[in-house]
1. Exactly one of these conditions fails for A222: (1) open to solvent by less than 60 Å² (accessible area, probe 1.4 Å); (2) within 18 Å of A122 (Cβ to Cβ); (3) among the small types (G, A, S); (4) more than 24 Å from the chain's Cα centre (by Cα). Give me its number.
2. Looking only at the range 177-209, which residues are surrounded by 16 or more Cβ atoms within 10 Å (Cβ to Cβ) and either farther than 28 Å from T147 by Cα or out of contact with any Asp or Glu (no Cβ under 9 Å at 6 or more places or on another chain) (or both)?
3. Among the candidates V329, V336, single out the residue that is open to solvent by less than 20 Å² (accessible area, probe 1.4 Å) and modelled with pLDDT of 85 or more.
4. Determine whether P174 is of a type outside the set (A, V, I, L, M), surrounded by fewer than 24 Cβ atoms within 10 Å (Cβ to Cβ) and under 23 Å from the mean Cα position of the chain (by Cα).
5. Quick check, is I168 modelled with pLDDT of 95 or more and in a loop (DSSP other than H, G, I, E, B)?
6. So, in the range 351-365, exactly how many residues are under 27 Å from the mean Cα position of the chain (by Cα) and of a type in the set (A, V, I, L, M)?
7. Test of understanding: among G238, G245, G274, which residue is modelled with pLDDT of 85 or more, within 26 Å of the chain's Cα centre (by Cα), buried (at least 17 other Cβ atoms within 10 Å of the Cβ) and outside any strand (DSSP E or B)?
8. Quick check on this structure: which one of R320, R346 is touching a Gly at 6+ places or on another chain (Cβ under 6 Å) and open to solvent by 60 Å² or more (accessible area, probe 1.4 Å)?
Amino acid sequence: MRPLRPQVRTPRGLLGALLATFAVVASLMTAAAPAQADTTICEPFGTTTIQGRYVVQNNRWGSSATQCVTATETGFRVSQADGSVPTNGAPKSYPSVFNGCHYTTCSPGTNLPARLDTISEAPSGISYGYVGDAVYNASYDIWLDPTPRTDGVNRTEIMIWFNRVGPIQPIGSPVGTATVGGRTWELWTGSNGANDVLSFVAPSAITDWNFDVMDFVRATVARGLAEDDWYLTSVQAGFEPWQNGAGLAVNSFSSTVRTGGDPGTPDPDPGGPGDPAACEVTYGTNVWQNGFTADVTVTNTGTAPVDGWRLAFTLPSGQRVTNAWNASVSPSTGAVTATGLGHNARIAPGGHLTFGFQGTHGGAFAEPDGFALNGTSCTTA
């Protein structure tokens, strides 16, 4: 920014000139300030939250070479992608952004897992950024399981290949074509050992698309690879790189899962929660200098069981979770979500469960202002 040089004024106009100069400087400084600082993650399984509702994950599992992703306000980009792996085997990683639950990490306020027969629609939007000096696919993953699990590998994986660059192919073998979402796809089926995989491969690259995830889910159910009483656990958009990959980007991502209504029925709150959940939360703490523990009791005050419960709340500034019990709590600061484990993923009507965590804090200690169970606000006791 070029420095402003105030002109010499008469005393009567000096104050107005100074005020005008300060206003211009403040305007330039405000315009130059980014809305949100980007966050770079290089830890193999590091995560961060964007838009207050989605999780960006580095998810480097197939290589020891360095990979970094930089989370932006609306998506992420692969900022470093060293090394390569054989193209006739598994990729290096799956850097991605997701709504739902993946290996005990759940996105804030998500209403996933959700039973397929309760979902009216699941609109999603994606915008990809591609590069030419890498071998990769741009893959949108949809995970289904007979149970509302939030950890481990699900039974069926649906992959939508938006782009394919290099000598790579989906798991299994081609079985023809299918028309889903108004587009024609190459269809591949196979097994990844612990799970079935159904892949929809675009004949040519798709950069931007808005679609209904349930179109692909229903096509999968029709082929016998899932049932209507199964659960949608997560939707994920990212890349599987085999060679290089720096510069690949999800420019923007959105995902909403609408439940409790008939297909085609407008949602009165398109950005809001899905299944209603009546709940009460008791938050008890033990605080000492720079540290604390929290014991949280969640009571289902409704008439229906809550499956795959997720309790979302925001930790006050300066607080960080260091470990937890009877639940998974992530991320460690800010807007966090506590998720049930395999043995306590359901809260019966009138029932309750207790989990806890230990953390650190700085300055005056405060408790979270509110809690939401599977997207619906709870009362506090």
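1. Unmet for A222, out of (1) open to solvent by less than 60 Å² (accessible area, probe 1.4 Å); (2) within 18 Å of A122 (Cβ to Cβ); (3) among the small types (G, A, S); (4) more than 24 Å from the chain's Cα centre (by Cα): (1).
2. W185, E186, L187, W188, A202, I206, W209
3. Of V329, V336, the one residue that is open to solvent by less than 20 Å² (accessible area, probe 1.4 Å) and modelled with pLDDT of 85 or more is V336.
4. Working: of a type outside the set (A, V, I, L, M): yes; surrounded by fewer than 24 Cβ atoms within 10 Å (Cβ to Cβ): yes; under 23 Å from the mean Cα position of the chain (by Cα): no.
Judged against the criteria, P174 is not a match.
5. yes
6. Within the range 351-365, residues that are under 27 Å from the mean Cα position of the chain (by Cα) and of a type in the set (A, V, I, L, M) number 1.
7. G245
8. None of the other options fit; the residue is R320.
The values are calculated or read from the model by the stated rules, or taken from the named source; none is laboratory data. Keep in mind that this is a model prediction, so the values were computed, not measured. For neighbour counting, all protein chains shown are included, and Cβ atoms are generated from backbone atoms with ideal geometry for every residue, glycine included. These accessible areas exclude ligands, DNA and RNA; they are computed on the full protein's heavy atoms, side chains included. Shrake-Rupley method; radii C 1.70, N 1.55, O 1.52, S 1.80 Å.
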